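> Sharing a structure below in structure tokens format, with a few things to ask.
Derivation of every value follows stated rules applied to the coordinates shown; laboratory data play no part. Everything numeric in this text was worked out from a predicted model, so none of it was measured. As a convention, Cβ positions derive from the backbone with ideal geometry for all residues, glycine included, and neighbour counts pool all protein chains shown.
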Amino acid sequence: MALNLVMLGPPGAGKGTQAERFAREHGIPKVSTGDILREAVHSGTELGRQVSTLMERGELVGDDLIIGIVRERLARPDAIAGFVLDGFPRTAAQADALDAMMGERGPVICVEIQVPDEELIRRVRARRVCEDCGANADAFVHQVDALPDLCQNTERCRSIGPKWVARSDDSAAVVRERLKVYWRDTQPMIEYYSSRPTFRSIDGLQTPEQVREAL
Ligand code: AMP
């Protein structure tokens, strides 16, 4: 049966880090809607132009747009055996659309990583991504002044090393907005999932290794 995993939780909970590792270990793609949109902004595509202002403000992009992106991505052959979704669904409409997409593909397993707001703000302010390839430096493990000198994703990163930068939507004001949006739009959707037998919640204050074990 396909392994369809949905990672839920607020910004900074560690979804991306865990999703990446889980996907690699199980040979299934990680589908991060935030990464797809950032890549579009970075490359200056029409999609990127459409979403950049909303992303800068920490607001959600429209349901129809994001649902279309995910539908197209999950229809690709590499996602037939399963996928790890990171950052989708975020609203009740997106959750309904995902259920409709699943059809015969088996259930979605939903895992929520729980972390209190104060810790999320601390982590997100410390988070860095490679400007070139988008790789995340693990803010829970590394201090901002001791980031790894490797990220390996692209030729440039392999040869001259990563260029770690803060995400523009990780500034204090935007993080507060993103958390507000999370509690308003996404948390109620999690309550909707939590009545299902395929739902689990994990304590995200544990070390990344412990969260991985729990996952
Ligand atoms: P993330 O990297 O998941 O924190 O996403 C970064 C930004 O991309 C969000 O603050 C939203 O502006 C946008 N975004 C990502 N995923 C979604 C989604 N499922 N629905 C709406 N907007 C999204």
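> Based on the mean of other beta carbon atoms within 10 Å per residue, what is the order of 195-205, 124-134, most packed first?
124-134, 195-205
> A follow-up question, please. Quick check: pseudo-label points 7 Å beyond the Cα along Cα→Cβ at GLU46 and ARG21, how many nm apart are they?
The answer from the label model is 4.0 nm.
> Helix 172-181 versus the longest principal axis of the chain: what is the Cα-based angle in degrees, 0 to 90, to the nearest 10?
With both axes taken from Cα atoms, the answer is about 0 degrees.
> Hey, another quick one. For the chain, find the longest principal axis of its Cα atoms and tell me its angle to the long axis of helix 15-26, 0 to 90°, nearest 10.
70
> Right, next: Subtracting the Cα-Cα distance from 0.36 nm times the residue separation, let me have the gained length for LYS180 to THR53 in nm, one decimal.
Length gained, LYS180 through THR53: 44.0 nm.
> Ranked highest first by average number of other Cβ atoms within 10 Å, how do 79-90, 104-115, 36-47, 7-18 line up?
Ranked by mean Cβ neighbours within 10 Å, highest first: 7-18, 79-90, 104-115, 36-47.
> Using a cut-off of 24 Å between alpha-carbon atoms, which lysines can reach LYS30, once sequence neighbours fewer than 8 places away in the same chain are excluded?
Excluding near neighbours in sequence, the set is LYS15, LYS163.
> In whole Å, what are the extents of the stretch 1-136 along the principal axes defined by its C-alpha atoms, from largest to smallest?
40, 34, 29
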